[in-house]
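Asks: I'd like to ask some things about the structure below.
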Amino acid sequence: MALDKTYEFSDKQALTADAVSTVVHENTRSGKDAWGSSISNQIGGMAFNVSVSTTMTGSGTATISLRTKAADASLSSGATTLATITLAAGSAAGTRKTVILPPGTERLTFLGAYIDESASSAVTAGNANIWLGLAQEVID
């Protein structure tokens, strides 16, 4: 799969409630190239990144999952989880976590993130940037 556009899912999205990322990318390309060969949808080796943009407060956690789904962009149920990052309340602005996707990881038609706030205690404030990219990227 060619990553010819920014694979940002959320820009300063709130971590205070369960939610699908602001953007869910849809692979609308043909499954074959100009020569009739199958195009791979592998994203193995890419980095799933979450960066706290506003310090998280409260007493809970937010779990952010990279998810893919064939049928629709809902991602809250029936999706395949490719990677997970958990942030605890108190995580300061600038905190960044990255998970490198293993070789052979493949995306389906829809790709995005899902934020799951801890049910036992609440994150009362906090925002994050969420994207798929490279491990050594600089945040702008």
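Asks: Kindly provide the set of residues from the range 1-33 that are at pLDDT below 85 and not basic (K, R), ordered by number.
Replies: M1, A2, L3, D4, T6, N27, T28, S30, G31, D33
Asks: Hey, any hits in the range 14-33 for a residue that's farther than 18 Å from N127 by Cβ, of a type in the set (A, V, I, L, M) and either surrounded by fewer than 16 Cβ atoms within 10 Å (Cβ to Cβ) or in contact with a His (Cβ under 8 Å, 6 or more places away or on another chain) (or both)? Quick ask: steps written out before the conclusion?
Replies: First pass over the range 14-33, keeping only residues farther than 18 Å from N127 by Cβ: 24-33.
Retained after the next criterion (residues that are of a type in the set (A, V, I, L, M)): 24.
Next cut, either surrounded by fewer than 16 Cβ atoms within 10 Å (Cβ to Cβ) or in contact with a His (Cβ under 8 Å, 6 or more places away or on another chain) (or both) only: none.
No, every residue in the range 14-33 fails to be farther than 18 Å from N127 by Cβ, of a type in the set (A, V, I, L, M) and either surrounded by fewer than 16 Cβ atoms within 10 Å (Cβ to Cβ) or in contact with a His (Cβ under 8 Å, 6 or more places away or on another chain) (or both).
Listed here are the residues, each with its yes/no results for (1) assigned to a strand (DSSP E or B); (2) touching a Ser or Thr at 6+ places or on another chain (Cβ under 6 Å); (3) closer than 15 Å to D116 by Cβ.
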position: D11; (1), (2), (3): yes, no, no
position: S40; (1), (2), (3): no, no, no
position: G45; (1), (2), (3): no, no, no
position: V50; (1), (2), (3): yes, no, yes
position: R67; (1), (2), (3): yes, yes, yes
position: G90; (1), (2), (3): no, no, no
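Rundown of residues vs (1) modelled with pLDDT under 90; (2) surrounded by fewer than 20 Cβ atoms within 10 Å (Cβ to Cβ); (3) assigned to a loop (DSSP other than H, G, I, E, B), yes/no style:
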| residue | (1), (2), (3) |
| --- | --- |
| D72 | no, yes, yes |
| T86 | no, yes, no |
| P103 | no, yes, yes |
| L132 | no, no, no |
| A135 | yes, yes, yes |
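Asks: Output the residues belonging to the range 24-38 that are assigned to a strand (DSSP E or B) and not basic (K, R).
Replies: Selection gives H25, E26, S38.
Asks: List the pairs whose first member sits in the range 42-65 and is crowded, with 19+ Cβ neighbours inside 10 Å and of a type in the set (F, W, Y), whose second member is at pLDDT below 95 and part of a strand (DSSP E or B), and whose Cβ atoms are under 6 Å apart, counting only residues at least 6 apart or on separate chains?
Replies: F48/L132
The values are calculated or read from the model by the stated rules, or taken from the named source; none is laboratory data. Note that the structure is a prediction, hence the values are computed from the model and not measured. With ideal geometry, Cβ positions are generated from the backbone for all residues, glycine too; neighbour counts draw on all protein chains shown.
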